[in-house]
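Comments concern the structure below.
The values are calculated or read from the model by the stated rules, or taken from the named source; none is laboratory data. Being a predicted model, the structure only gives us computed values, none of them experimental. Backbone-built Cβ (ideal geometry, glycine too); neighbour counts: all protein chains shown. These area figures cover heavy atoms from the full protein model, side chains too; ligands, DNA and RNA do not enter into them. Shrake-Rupley method; radii C 1.70, N 1.55, O 1.52, S 1.80 Å.
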Amino acid sequence: MKQEETFEQEREDLYQTDEESQAESSLPSTPVSRNGSNSDPVTWPRSYRQSMDMLTGVTPPMRTSFVSSFHRRRQSSALGSFASSTSKQQLLIDKDKDEIQNNVVTSIKSFLASHLNLSVPEDLSISQESPSCTFSQSVLNGINVLCGVALLTMPYAVKEGGWLGLFILFSFGIITFYTGILLKRCLENSPGIHTYPDIGQAAFGTTGRILVSILLYVELYASCVEYIIMMSDNLSGMFPNTSLYITGLSLDSNQVFAITTTLIVLPTVWLRDLSLLSYLSAGGVFSSILLALCLFWAGSVGGVGFHLSGKALDLTNLPVAIGIYGFGFGSHSVFPNIYSSMKEPSKFPLVLLISFAFCTLFYIAVAVCGYTMFGDAIQSQFTLNMPQHFTSSKIAAWTAVVTPMTKYALTITPVVLSLEELIPSSSRKMRTKGASMLFRTVLVLSTLVVALTVPFFATVAALIGSFIAMLIALIFPCLCYMSIMKGRLNNSQMGICIFIVIIGVVSGCCGTYSAISRLIGEMA
């Protein structure tokens with residue numbers, strides 16, 4: 001009971017310090033809205049930036065993680081009180097916050113050095129949340145968030161849409177690169193904002209912030225569903241004869257491994273410090289390259305071979321292919337975070353150019369390689385087609401299993417924290433450690449239920465890409481840009497934005513309808 005009360009108090013202090021840091025630091029406390037006022041306060045979600053920063057992977061924001069920052073603040077507070085009682089120095093309340101923090105830290109170091117003869121590390125300082133990512137780290141961050149699980153289903157998209165559908169993939173690469181630039185311009189022209197929800201608030205007020213946030217969190221939740229499907233599909237491909245019978249209930253291999261992998265990743269969701277997983281997930285770039293190398297090895301050295309076949313264009317199934325291609329470029333949710341974390345933000349367009357160029361060409365290469373190897377027999381993930389007796393196939397399959405395990409907790413955590421923010425501060429029972437673990441467990445199990453209900457990797461990817469990615473990557477960047485820059489855009493800029501919005505609406509509607517129709521047919 002005492003531990004629960006302590007945890008509850010820590011959670012209250014945690015949210016309080018987060019509110020203070022957003023109100024007093026460079027975090028977006030009051031993003032300027034489209035009418036030029038800053039009267040709209042930062043509403044839900046307050047935890048977005050800190051939690052989404054972990055997804056960048058290459059440079060985990062240890063200083064911005066909730067737990068580490070919380071312990072740092074408590075330690076600084078305790079040591080500050082100790083130093084104050086010893087030196088009898090009274091801090092004036094009308095001083096600037098930075099000056100107060102520097103005085104506290106200086107007095108701590110001076111006291112420890114003179115009275116206790118201790119060497120004080122430089123880490124004992126108040127985090128200023130200064131940008132720390134170099135150009136190369138930012139490029140790796142961009143590639144890491146872009147080149148994800150969509151890589152596995154690119155050959156299947158060629159089967160659905162035909163060879164000419166690759167021009168749509170290439171076009172999406174160009175369009176989404178441009179909309180990424182638009183997000184950067186929104187950040188530059190609206191002081192005090194750092195994230196995608198901040199951009200939504202600057203453009204359309206609190207309603208825009210909440211709507212954008214909901215879409216981003218739904219995308220993250222759906223990605224977790226895809227992770228479970230991906231892991232279960234590849235494990236059942238390696239162990240197809242696995243089954244389980246429990247009191248009249250029969251589970252096939254896909255269901256057994258979906259449940260097993262969910263139970264494996266569940267403890268990682270209980271963790272409060274995900275810095276280790278963030279470092280591991282940075283291997284997403286290298287795991288994608290490894291998967292492509294294994295595929296090429298099976299085709300060239302393994303004897304599978306490459307055979308040109310298939311339709312030039314399949315209009316019937318093209319909307320599904322469009323959704324899958326869109327799924328591969330729906331990472332705009334973290335681009336503002338990457339921009340805000342850069343030491344040299346002026347190089348952000350070059351970061352986007354390199355990231356999108358690499359991923360677009362990489363997608364095309366894997367799509368061509370996979371489809372020429374397996375033709376119309378290609379499955380939703382090319383790892384399921386690779387001959388199991390090849391070592392390269394086993395490496396690819398296990399890579400497709402392990403990678404989602406390291407990313408699941410990082411992906412679901414922003415959703416968890418945003419929902420925990422909605423718990424009333426007066427509800428003390430809901431803010432205990434046990435209640436938090438129960439809530440996280442229920443959320444994880446809900447992704448399992450969805451994955452068992454719709455275990456169709458490519459179709460779910462097409463639905464995510466058609467509905468959510470089109471809104472996040474094409475439509476909203478243009479709408480927000482036109483709103484924030486209202487009256488300052490020329491006709492050509494307005495025309496390009498309107499044209500992209502039309503492409504997003506048409507592609508989204510057609511793709512969503514086709515994906516839902518196919519999903520209903522597969523479930524029947």
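Cβ-Cβ contacts under 6 Å between residues 6 or more apart (or on different chains), taken from a first residue in segment 248-274 that is under 16 Å from Ala400 (Cβ atoms) and open to solvent by less than 60 Å² (accessible area, probe 1.4 Å) to a second residue that is part of a helix (DSSP H, G or I) and small (Gly, Ala, Ser), are listed as Ser253/Ser236; Asn254/Ser232; Asn254/Ser236; Phe257/Ser232; Phe257/Ser236; Ala258/Ser232; Ala258/Ala451.
Among the residues making up segment 147-158, none is at pLDDT 95 or above and surrounded by fewer than 24 Cβ atoms within 10 Å (Cβ to Cβ). When Ile193 is tested against (1) open to solvent by less than 50 Å² (accessible area, probe 1.4 Å); (2) of a type outside the set (D, E, K, R); (3) touching a strand residue (DSSP E or B) at 6+ places or on another chain (Cβ under 8 Å), just one condition goes unmet, and that condition is (3). In segment 408-434, the residues that are without any contact (Cβ under 8 Å) to a residue 40 or more places away in the chain and more than 24 Å from Met52 (Cα to Cα) never reach a residue that is small (Gly, Ala, Ser) and not in a helix (DSSP H, G or I) with C-beta atoms less than 6 angstrom apart, at least six apart or across chains. Restricting the search to segment 111-137, which residues are in contact with a helix residue (DSSP H, G or I) (Cβ under 6 Å, 6 or more places away or on another chain) and at pLDDT below 90? Selection gives Phe111, Leu118, Val120, Ser125, Ile126, Pro131, Cys133.
Within segment 363-400, the set of residues being within 20 Å of the chain's Cα centre (by Cα) and open to solvent by 10 Å² or more (accessible area, probe 1.4 Å) comprises Thr399 only.
Mind checking which residues of segment 395-437 are assigned to a loop (DSSP other than H, G, I, E, B) and among the basic types (Lys, Arg)? Correct list: Arg428 only.
Any residue at all in segment 486-493 that's touching a helix residue (DSSP H, G or I) at 6+ places or on another chain (Cβ under 8 Å) and in contact (Cβ under 8 Å) with a residue 12 or more places away in the chain? No, there is no match, as no residue in segment 486-493 is touching a helix residue (DSSP H, G or I) at 6+ places or on another chain (Cβ under 8 Å) and in contact (Cβ under 8 Å) with a residue 12 or more places away in the chain. Inside segment 290-311, residues that are open to solvent by 60 Å² or more (accessible area, probe 1.4 Å) and either closer than 27 Å to Leu140 by Cβ or of a type in the set (A, V, I, L, M) (or both) make up a count of 6. So, of the residues in segment 415-451 that are among the basic types (Lys, Arg) and open to solvent by 20 Å² or more (accessible area, probe 1.4 Å), which turns out to be nearest to Ala515 (Cα to Cα)? Among them, the one singled out is Lys433.
Among the residues making up segment 422-458, those that are more than 30 Å from Ile324 (Cβ to Cβ) and of a type in the set (Val, Ile, Thr) are Ile423, Thr432, Thr441, Val442. Comparison of Ser171, Ser136 shows that the only residue that is within 20 Å of the chain's Cα centre (by Cα) and among the small types (Gly, Ala, Ser) is Ser136. Of the residues making up segment 318-348, those that are surrounded by fewer than 19 Cβ atoms within 10 Å (Cβ to Cβ) and either in contact (Cβ under 8 Å) with a residue 60 or more places away in the chain or part of a loop (DSSP other than H, G, I, E, B) (or both) number 4.
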